[in-house]
Amino acid sequence: MAQFRYTALSRHGEKVSGLMEAYNAVDATRRIKEEYGMILKLAEVAVAKPNFMAAEVGGNRLNAKAFTVMCSQFAIILEAGVPLARAVNLIAERTTDKTLKRLLDKVGQDVENGRSISASFAEHGEKLLPVTFIETIHSGEESGNIEKSFESMHEHFDKQAKMAAKVRSAMAYPLFVLFVAIAVVVVLMVAVVPTFMEMFEEFDAQLPLMTRMLIAMSNFFRNNLLVLALCAVGIPLFIKLYGNTEKGRMNLAKIQLKLPILGNIALLTAASQFANSMTTLIDSGLTMNKSVFITSKVLDNYYISQEIGKLTSQLEEGRTLGESMREQQVMPNILIDMTAVGEESGEVAKTLHTVARFYDEELESAIQKALAMMEPALLCTLGVIAGFIVLSVYLAMFTLYDAM
(Lines give C-alpha, C1' and ligand atoms only; values in the text may rest on other atoms or scores of the structure.)
Protein backbone atom coordinates (compact mmCIF):
# COMPACT_ATOMS: atom_id res chain seq x y z
CA MET A 1 0.00 0.00 0.00
CA ALA A 2 1.14 3.56 -0.76
CA GLN A 3 -0.07 6.91 0.54
CA PHE A 4 -1.21 9.66 -1.82
CA ARG A 5 -1.87 13.29 -0.96
CA TYR A 6 -4.63 14.75 -3.13
CA THR A 7 -6.55 17.91 -3.83
CA ALA A 8 -9.96 17.42 -5.43
CA LEU A 9 -13.08 19.36 -6.31
CA SER A 10 -16.27 18.04 -4.75
CA ARG A 11 -19.58 17.87 -6.58
CA HIS A 12 -20.61 21.01 -4.66
CA GLY A 13 -17.62 22.92 -6.03
CA GLU A 14 -15.66 22.81 -2.77
CA LYS A 15 -11.88 22.22 -2.81
CA VAL A 16 -10.97 19.24 -0.63
CA SER A 17 -7.52 17.98 0.42
CA GLY A 18 -6.48 14.84 2.22
CA LEU A 19 -4.51 11.61 2.35
CA MET A 20 -5.51 8.26 0.86
CA GLU A 21 -3.98 4.80 0.95
CA ALA A 22 -4.15 2.87 -2.32
CA TYR A 23 -2.29 0.12 -4.14
CA ASN A 24 -1.06 2.51 -6.86
CA ALA A 25 -1.78 5.87 -8.53
CA VAL A 26 -4.44 4.35 -10.80
CA ASP A 27 -6.29 2.90 -7.81
CA ALA A 28 -6.03 6.23 -5.95
CA THR A 29 -7.31 8.16 -9.00
CA ARG A 30 -10.31 5.89 -9.39
CA ARG A 31 -11.25 6.12 -5.71
CA ILE A 32 -10.95 9.89 -5.58
CA LYS A 33 -13.03 10.33 -8.75
CA GLU A 34 -15.73 8.08 -7.33
CA GLU A 35 -15.93 10.23 -4.21
CA TYR A 36 -15.38 13.77 -5.47
CA GLY A 37 -15.59 13.82 -9.24
CA MET A 38 -12.56 15.91 -10.24
CA ILE A 39 -8.90 15.60 -9.22
CA LEU A 40 -6.85 18.79 -9.11
CA LYS A 41 -3.62 17.34 -7.72
CA LEU A 42 -2.31 13.89 -6.81
CA ALA A 43 1.14 13.02 -5.46
CA GLU A 44 2.55 9.96 -3.73
CA VAL A 45 3.83 10.59 -0.21
CA ALA A 46 7.31 9.28 0.45
CA VAL A 47 7.31 6.98 3.47
CA ALA A 48 10.32 7.42 5.70
CA LYS A 49 12.30 4.26 6.43
CA PRO A 50 12.63 3.29 10.09
CA ASN A 51 15.65 4.85 11.76
CA PHE A 52 17.34 2.18 13.88
CA MET A 53 19.65 4.73 15.51
CA ALA A 54 16.91 6.94 16.90
CA ALA A 55 13.42 6.55 18.27
CA GLU A 56 10.61 9.04 18.48
CA VAL A 57 10.22 10.39 21.99
CA GLY A 58 6.98 11.89 23.19
CA GLY A 59 4.56 13.14 20.53
CA ASN A 60 0.83 13.68 20.48
CA ARG A 61 -1.43 10.84 21.49
CA LEU A 62 -5.19 10.73 21.33
CA ASN A 63 -6.89 10.09 24.65
CA ALA A 64 -9.49 7.41 23.93
CA LYS A 65 -11.87 8.49 26.70
CA ALA A 66 -11.71 12.18 25.76
CA PHE A 67 -12.24 11.32 22.09
CA THR A 68 -15.29 9.17 22.88
CA VAL A 69 -16.76 11.93 25.05
CA MET A 70 -16.19 14.42 22.21
CA CYS A 71 -18.21 12.23 19.79
CA SER A 72 -21.04 12.05 22.33
CA GLN A 73 -20.99 15.81 22.84
CA PHE A 74 -21.17 16.46 19.11
CA ALA A 75 -24.15 14.11 18.73
CA ILE A 76 -26.08 15.76 21.60
CA ILE A 77 -25.28 19.39 20.72
CA LEU A 78 -25.96 19.02 16.99
CA GLU A 79 -29.22 17.17 17.65
CA ALA A 80 -30.27 20.14 19.80
CA GLY A 81 -30.00 22.37 16.70
CA VAL A 82 -26.77 24.21 17.54
CA PRO A 83 -24.87 25.35 14.39
CA LEU A 84 -21.84 23.22 13.52
CA ALA A 85 -19.21 25.96 13.97
CA ARG A 86 -20.66 26.92 17.35
CA ALA A 87 -20.75 23.25 18.41
CA VAL A 88 -17.04 22.79 17.59
CA ASN A 89 -16.09 25.89 19.59
CA LEU A 90 -18.27 24.88 22.56
CA ILE A 91 -16.67 21.45 22.76
CA ALA A 92 -13.16 22.90 22.30
CA GLU A 93 -13.74 25.26 25.22
CA ARG A 94 -14.82 22.45 27.54
CA THR A 95 -12.40 19.66 26.67
CA THR A 96 -9.54 19.13 29.12
CA ASP A 97 -7.38 17.08 26.75
CA LYS A 98 -4.74 19.45 25.32
CA THR A 99 -4.15 17.50 22.10
CA LEU A 100 -7.85 17.31 21.32
CA LYS A 101 -8.33 20.98 22.24
CA ARG A 102 -5.62 22.08 19.77
CA LEU A 103 -7.23 19.99 17.06
CA LEU A 104 -10.72 21.34 17.73
CA ASP A 105 -9.47 24.95 17.75
CA LYS A 106 -8.07 24.47 14.23
CA VAL A 107 -11.20 22.69 13.04
CA GLY A 108 -13.41 25.40 14.54
CA GLN A 109 -11.56 28.11 12.58
CA ASP A 110 -11.89 26.13 9.35
CA VAL A 111 -15.61 25.49 9.81
CA GLU A 112 -16.23 29.19 10.54
CA ASN A 113 -14.47 29.98 7.24
CA GLY A 114 -16.86 27.69 5.39
CA ARG A 115 -14.81 24.51 5.16
CA SER A 116 -16.38 21.10 5.75
CA ILE A 117 -15.69 19.57 9.14
CA SER A 118 -14.62 16.20 7.69
CA ALA A 119 -12.03 17.84 5.41
CA SER A 120 -10.67 19.84 8.34
CA PHE A 121 -10.49 16.77 10.60
CA ALA A 122 -8.74 14.87 7.78
CA GLU A 123 -6.07 17.57 7.35
CA HIS A 124 -5.34 18.48 10.96
CA GLY A 125 -5.87 15.02 12.45
CA GLU A 126 -4.57 12.76 9.68
CA LYS A 127 -2.01 11.09 12.03
CA LEU A 128 -4.21 11.33 15.10
CA LEU A 129 -7.77 10.37 14.24
CA PRO A 130 -9.01 6.90 13.19
CA VAL A 131 -9.79 6.65 9.47
CA THR A 132 -13.18 5.19 10.43
CA PHE A 133 -14.08 8.44 12.19
CA ILE A 134 -13.10 10.72 9.30
CA GLU A 135 -14.89 8.66 6.64
CA THR A 136 -18.04 8.27 8.75
CA ILE A 137 -18.24 12.02 9.43
CA HIS A 138 -17.73 12.71 5.73
CA SER A 139 -20.57 10.30 4.91
CA GLY A 140 -22.79 12.06 7.47
CA GLU A 141 -22.10 15.40 5.78
CA GLU A 142 -23.03 13.96 2.40
CA SER A 143 -26.29 12.53 3.74
CA GLY A 144 -27.14 15.61 5.83
CA ASN A 145 -27.30 13.56 9.04
CA ILE A 146 -23.97 14.33 10.67
CA GLU A 147 -25.31 14.11 14.23
CA LYS A 148 -26.19 10.44 13.55
CA SER A 149 -22.62 9.87 12.36
CA PHE A 150 -21.20 11.28 15.60
CA GLU A 151 -23.61 9.13 17.59
CA SER A 152 -22.46 6.03 15.68
CA MET A 153 -18.84 6.95 16.35
CA HIS A 154 -19.58 7.39 20.05
CA GLU A 155 -21.14 3.93 20.29
CA HIS A 156 -18.35 2.36 18.21
CA PHE A 157 -15.40 3.83 20.10
CA ASP A 158 -17.11 3.61 23.51
CA LYS A 159 -17.41 -0.15 23.00
CA GLN A 160 -13.71 -0.37 22.07
CA ALA A 161 -12.67 1.75 25.07
CA LYS A 162 -14.69 -0.37 27.51
CA MET A 163 -13.21 -3.58 26.13
CA ALA A 164 -9.67 -2.17 26.42
CA ALA A 165 -10.40 -1.05 30.01
CA LYS A 166 -11.59 -4.55 30.93
CA VAL A 167 -8.42 -6.09 29.52
CA ARG A 168 -6.19 -3.60 31.37
CA SER A 169 -8.05 -4.23 34.62
CA ALA A 170 -7.83 -8.00 34.23
CA MET A 171 -4.12 -7.84 33.35
CA ALA A 172 -3.18 -5.70 36.36
CA TYR A 173 -2.91 -8.54 38.90
CA PRO A 174 -1.00 -11.07 36.71
CA LEU A 175 1.47 -8.39 35.65
CA PHE A 176 1.97 -7.38 39.28
CA VAL A 177 2.64 -11.00 40.24
CA LEU A 178 5.09 -11.35 37.33
CA PHE A 179 6.93 -8.19 38.35
CA VAL A 180 7.17 -9.37 41.98
CA ALA A 181 8.38 -12.81 40.87
CA ILE A 182 11.16 -11.34 38.73
CA ALA A 183 12.19 -8.92 41.47
CA VAL A 184 12.26 -11.66 44.12
CA VAL A 185 14.34 -14.01 41.96
CA VAL A 186 16.86 -11.28 41.13
CA VAL A 187 17.23 -10.25 44.80
CA LEU A 188 17.60 -13.86 45.93
CA MET A 189 20.17 -14.70 43.28
CA VAL A 190 22.23 -11.53 43.62
CA ALA A 191 22.06 -10.76 47.35
CA VAL A 192 20.63 -13.59 49.48
CA VAL A 193 22.04 -16.80 47.98
CA PRO A 194 25.69 -15.57 47.86
CA THR A 195 25.52 -14.92 51.64
CA PHE A 196 24.63 -18.56 52.32
CA MET A 197 27.14 -19.82 49.78
CA GLU A 198 30.01 -18.00 51.51
CA MET A 199 29.09 -19.78 54.71
CA PHE A 200 28.94 -23.20 53.02
CA GLU A 201 32.29 -22.69 51.27
CA GLU A 202 34.04 -22.42 54.67
CA PHE A 203 33.41 -26.12 55.17
CA ASP A 204 35.25 -28.69 53.11
CA ALA A 205 32.25 -30.81 52.15
CA GLN A 206 30.71 -32.06 48.93
CA LEU A 207 27.53 -30.00 48.44
CA PRO A 208 24.38 -31.59 46.95
CA LEU A 209 23.71 -31.30 43.23
CA MET A 210 20.76 -28.90 43.72
CA THR A 211 22.95 -26.61 45.84
CA ARG A 212 25.73 -26.63 43.25
CA MET A 213 23.17 -25.79 40.56
CA LEU A 214 21.89 -22.91 42.69
CA ILE A 215 25.44 -21.59 43.18
CA ALA A 216 26.09 -21.77 39.43
CA MET A 217 22.88 -19.86 38.68
CA SER A 218 23.66 -17.27 41.34
CA ASN A 219 27.16 -16.73 39.93
CA PHE A 220 25.70 -16.41 36.44
CA PHE A 221 23.26 -13.71 37.61
CA ARG A 222 25.96 -11.81 39.51
CA ASN A 223 28.52 -11.93 36.69
CA ASN A 224 26.06 -11.11 33.90
CA LEU A 225 23.61 -8.76 35.60
CA LEU A 226 24.37 -5.90 33.20
CA VAL A 227 24.07 -8.16 30.16
CA LEU A 228 20.73 -9.52 31.40
CA ALA A 229 19.46 -5.98 32.00
CA LEU A 230 20.51 -4.94 28.49
CA CYS A 231 18.78 -8.00 27.03
CA ALA A 232 15.59 -7.19 28.96
CA VAL A 233 15.58 -3.75 27.33
CA GLY A 234 17.19 -4.58 23.99
CA ILE A 235 15.08 -7.56 22.90
CA PRO A 236 11.70 -5.74 23.15
CA LEU A 237 13.27 -2.70 21.45
CA PHE A 238 14.61 -4.84 18.60
CA ILE A 239 11.20 -6.50 18.14
CA LYS A 240 9.55 -3.06 18.04
CA LEU A 241 12.02 -1.71 15.47
CA TYR A 242 11.75 -4.90 13.40
CA GLY A 243 7.97 -4.55 13.53
CA ASN A 244 8.28 -1.07 11.99
CA THR A 245 9.55 -2.61 8.75
CA GLU A 246 7.11 -4.02 6.19
CA LYS A 247 8.60 -7.52 6.29
CA GLY A 248 8.92 -7.54 10.07
CA ARG A 249 5.39 -6.31 10.62
CA MET A 250 4.01 -9.03 8.34
CA ASN A 251 6.10 -11.81 9.91
CA LEU A 252 5.21 -10.79 13.47
CA ALA A 253 1.51 -10.69 12.54
CA LYS A 254 1.70 -14.24 11.13
CA ILE A 255 3.57 -15.48 14.20
CA GLN A 256 0.95 -13.89 16.45
CA LEU A 257 -1.81 -15.92 14.79
CA LYS A 258 0.12 -19.18 15.31
CA LEU A 259 0.74 -18.70 19.03
CA PRO A 260 -1.23 -20.96 21.40
CA ILE A 261 -4.11 -19.15 23.15
CA LEU A 262 -2.89 -15.72 22.01
CA GLY A 263 -3.39 -16.68 18.35
CA ASN A 264 -7.06 -17.43 18.98
CA ILE A 265 -7.44 -14.10 20.82
CA ALA A 266 -5.85 -12.26 17.87
CA LEU A 267 -8.25 -13.94 15.41
CA LEU A 268 -11.30 -13.19 17.57
CA THR A 269 -10.11 -9.57 17.91
CA ALA A 270 -9.89 -9.24 14.13
CA ALA A 271 -13.35 -10.76 13.67
CA SER A 272 -14.84 -8.42 16.28
CA GLN A 273 -13.15 -5.37 14.75
CA PHE A 274 -14.26 -6.35 11.25
CA ALA A 275 -17.91 -6.90 12.20
CA ASN A 276 -18.15 -3.75 14.34
CA SER A 277 -16.41 -1.50 11.82
CA MET A 278 -18.39 -2.80 8.83
CA THR A 279 -21.66 -2.34 10.75
CA THR A 280 -20.81 1.28 11.58
CA LEU A 281 -19.61 2.19 8.08
CA ILE A 282 -22.46 0.54 6.17
CA ASP A 283 -25.02 2.11 8.53
CA SER A 284 -23.37 5.48 7.80
CA GLY A 285 -24.14 5.09 4.09
CA LEU A 286 -20.75 4.05 2.74
CA THR A 287 -20.57 1.57 -0.14
CA MET A 288 -19.56 -2.02 0.51
CA ASN A 289 -16.27 -1.55 -1.34
CA LYS A 290 -15.27 1.54 0.60
CA SER A 291 -16.42 0.03 3.91
CA VAL A 292 -14.17 -2.99 3.36
CA PHE A 293 -11.24 -0.77 2.36
CA ILE A 294 -11.57 1.40 5.50
CA THR A 295 -12.15 -1.62 7.75
CA SER A 296 -8.91 -3.18 6.53
CA LYS A 297 -7.07 -0.13 7.92
CA VAL A 298 -8.44 -0.49 11.47
CA LEU A 299 -7.62 -4.18 12.02
CA ASP A 300 -4.84 -4.71 14.57
CA ASN A 301 -3.27 -7.76 12.91
CA TYR A 302 -1.30 -6.53 9.90
CA TYR A 303 -1.50 -9.80 7.94
CA ILE A 304 -5.30 -9.99 8.22
CA SER A 305 -5.50 -6.25 7.47
CA GLN A 306 -3.62 -6.67 4.19
CA GLU A 307 -5.65 -9.72 3.18
CA ILE A 308 -8.96 -7.93 3.84
CA GLY A 309 -7.69 -4.94 1.83
CA LYS A 310 -7.27 -7.22 -1.19
CA LEU A 311 -11.00 -8.00 -1.15
CA THR A 312 -11.76 -4.60 -2.70
CA SER A 313 -10.42 -5.68 -6.08
CA GLN A 314 -12.69 -8.76 -6.04
CA LEU A 315 -15.70 -6.63 -5.07
CA GLU A 316 -14.97 -4.35 -8.01
CA GLU A 317 -15.21 -7.39 -10.29
CA GLY A 318 -18.79 -7.90 -9.13
CA ARG A 319 -18.19 -10.72 -6.66
CA THR A 320 -19.93 -10.83 -3.29
CA LEU A 321 -18.11 -10.16 -0.03
CA GLY A 322 -19.03 -13.56 1.45
CA GLU A 323 -17.77 -15.41 -1.62
CA SER A 324 -14.49 -13.46 -1.62
CA MET A 325 -13.94 -14.03 2.11
CA ARG A 326 -14.64 -17.76 1.74
CA GLU A 327 -11.88 -18.10 -0.87
CA GLN A 328 -9.47 -16.08 1.26
CA GLN A 329 -10.10 -17.97 4.55
CA VAL A 330 -8.43 -15.54 6.96
CA MET A 331 -11.56 -14.92 9.04
CA PRO A 332 -13.57 -17.45 11.13
CA ASN A 333 -16.13 -19.50 9.18
CA ILE A 334 -19.07 -18.21 11.24
CA LEU A 335 -18.26 -14.62 10.25
CA ILE A 336 -17.90 -15.60 6.59
CA ASP A 337 -21.17 -17.56 6.51
CA MET A 338 -23.14 -14.84 8.31
CA THR A 339 -21.76 -12.18 5.95
CA ALA A 340 -22.94 -14.24 2.98
CA VAL A 341 -26.37 -14.69 4.60
CA GLY A 342 -26.63 -10.94 5.20
CA GLU A 343 -25.83 -10.21 1.55
CA GLU A 344 -28.44 -12.69 0.35
CA SER A 345 -31.12 -11.19 2.60
CA GLY A 346 -30.09 -7.57 1.93
CA GLU A 347 -29.46 -6.99 5.65
CA VAL A 348 -25.66 -6.96 5.80
CA ALA A 349 -25.38 -4.29 8.51
CA LYS A 350 -28.04 -5.91 10.71
CA THR A 351 -26.46 -9.36 10.35
CA LEU A 352 -22.95 -8.08 11.05
CA HIS A 353 -24.26 -6.22 14.10
CA THR A 354 -25.48 -9.55 15.50
CA VAL A 355 -22.17 -11.21 14.61
CA ALA A 356 -20.28 -8.35 16.26
CA ARG A 357 -22.07 -8.96 19.57
CA PHE A 358 -21.25 -12.66 19.30
CA TYR A 359 -17.53 -12.06 18.71
CA ASP A 360 -17.38 -9.35 21.40
CA GLU A 361 -18.63 -11.94 23.91
CA GLU A 362 -16.33 -14.64 22.53
CA LEU A 363 -13.33 -12.31 22.73
CA GLU A 364 -14.09 -11.29 26.31
CA SER A 365 -14.55 -14.95 27.29
CA ALA A 366 -11.27 -15.96 25.61
CA ILE A 367 -9.37 -13.18 27.37
CA GLN A 368 -10.85 -14.13 30.75
CA LYS A 369 -9.92 -17.79 30.20
CA ALA A 370 -6.36 -16.84 29.23
CA LEU A 371 -5.98 -14.68 32.33
CA ALA A 372 -7.51 -17.40 34.51
CA MET A 373 -4.80 -19.77 33.23
CA MET A 374 -2.05 -17.18 33.59
CA GLU A 375 -2.55 -16.38 37.28
CA PRO A 376 -2.08 -19.92 38.69
CA ALA A 377 0.75 -20.55 36.20
CA LEU A 378 2.64 -17.51 37.50
CA LEU A 379 2.01 -18.45 41.12
CA CYS A 380 3.12 -22.05 40.52
CA THR A 381 6.27 -20.86 38.74
CA LEU A 382 7.09 -18.53 41.62
CA GLY A 383 6.43 -21.37 44.09
CA VAL A 384 8.70 -23.77 42.20
CA ILE A 385 11.55 -21.22 42.09
CA ALA A 386 11.20 -20.38 45.79
CA GLY A 387 10.95 -24.07 46.68
CA PHE A 388 14.06 -24.89 44.66
CA ILE A 389 16.06 -22.19 46.46
CA VAL A 390 14.83 -23.18 49.93
CA LEU A 391 15.38 -26.89 49.30
CA SER A 392 18.89 -26.26 47.93
CA VAL A 393 19.85 -24.32 51.06
CA TYR A 394 18.35 -26.89 53.45
CA LEU A 395 20.03 -29.83 51.70
CA ALA A 396 23.37 -28.03 51.98
CA MET A 397 22.78 -27.41 55.69
CA PHE A 398 21.96 -31.09 56.32
CA THR A 399 25.10 -32.10 54.44
CA LEU A 400 27.22 -29.79 56.59
CA TYR A 401 25.66 -31.14 59.81
CA ASP A 402 26.51 -34.69 58.74
CA ALA A 403 30.11 -33.64 58.00
CA MET A 404 30.60 -31.99 61.39
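The values are calculated or read from the model by the stated rules, or taken from the named source; none is laboratory data. Since we're looking at a predicted model, the values are computed, not measured. Ligands, DNA and RNA are stripped out before the accessible areas are found, and what is left, the full protein with its side chains, is counted by its heavy atoms. Shrake-Rupley method; radii C 1.70, N 1.55, O 1.52, S 1.80 Å.
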Evaluate the Debye formula for the chain with equal point scatterers sitting on the alpha carbons, no solvent, and hand back log10 of I(q)/I(0) at q = 0.11, 0.13, 0.14 Å⁻¹, in q order, two decimals.
-0.93, -1.20, -1.35
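Divide by every residue of the chain the summed helix terms, -39500 (n - 2.57) for each DSSP H run of at least 4, and state the resulting mean residue ellipticity at 222 nm, rounded to the nearest 500 deg cm²/dmol. Don't skip to the answer; put the middle values down first.
Numbers: 18 runs with 296 residues, N = 404.
After summing the helix terms and dividing by residue count, I get -24500 deg cm²/dmol.
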Inverse of <1/r> over all distinct C-alpha pairs of region 362-404, i.e. the Kirkwood Rh in Å, gives 12.9 Å
In this structure, among LYS98/LYS159; LYS41/LYS240; LYS98/LYS148, pairs with alpha-carbon gaps over 31 Å are LYS41/LYS240
Determine the equivalent ellipsoid of region 238-330 by diagonalising the alpha-carbon gyration tensor, then write out the semi-axes as square roots of 5 times the eigenvalues, largest first, rounded to whole Å.
25, 14, 13
Per-residue accessible area, 1.4 Å probe, largest first, puts LYS254, LYS369 in the order LYS369, LYS254
Quick one: helix 225-243 against the long Cα principal axis of the chain, what's the angle to the nearest 10°, folded into 0 to 90?
20 degrees
Checking the cross-link filter: which lysines have an alpha carbon closer than 19 Å to that of LYS166, excluding same-chain neighbours under 8 positions apart?
LYS65, LYS369
Quick check: the angle from helix 348-403's long axis to the longest principal axis of the chain, C-alpha only, nearest 10 degrees?
10 degrees
Please report, to one decimal in angstroms, the Kirkwood hydrodynamic radius of region 103-183 built from all distinct Cα-Cα pairs.
15.1 Å
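For region 321-395, state the semi-axes of the equivalent ellipsoid (square roots of 5 times the eigenvalues of the alpha-carbon gyration tensor), sorted largest first and rounded to whole angstrom.
Numbers: eigenvalues 483, 34, 5 Å².
One finds semi-axes of 49, 13, 5 Å for region 321-395.
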Normalising by the residue count of region 204-323, find the relative contact order in percent from Cα pairs under 8 Å and 6+ residues apart.
16 percent
How long are the semi-axes of the equivalent ellipsoid of region 197-280, taking √(5λ) for every eigenvalue λ of the Cα gyration tensor, in whole Å from largest down?
48, 17, 10
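Provide VAL341, VAL131, VAL185 ordered by accessible surface of protein heavy atoms (probe 1.4 Å), highest first. All intermediate terms of the calculation are to be shown ahead of the outcome.
Details: VAL341 75, VAL131 55, VAL185 25 Å².
Final ranking, largest accessible area leading: VAL341, VAL131, VAL185.
Can you give me the relative contact order of region 278-379 as a percent, contacts being Cα pairs under 8 Å and 6 or more apart? Could the numbers behind the result be given before it?
Values: 74 pairs, mean separation 21.7, N = 102.
It rounds to 21 percent for region 278-379.
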Note down the relative contact order for the chain as a percent, whole number, built from C-alpha pairs under 8 angstrom at least six residues apart.
14 percent
Could you work out the percent of alpha carbon pairs in region 130-255 separated by over 26 Å, rounded to a whole number?
60 percent
Overall form of region 84-131 per C-alpha gyration tensor (a/c, 1.5; a/b vs b/c)
oblate
Counting only protein heavy atoms and leaving out ligands, DNA and RNA, the solvent-accessible surface of GLU361 at a 1.4 Å probe, in Å² to the nearest 10, equals 130 Å²
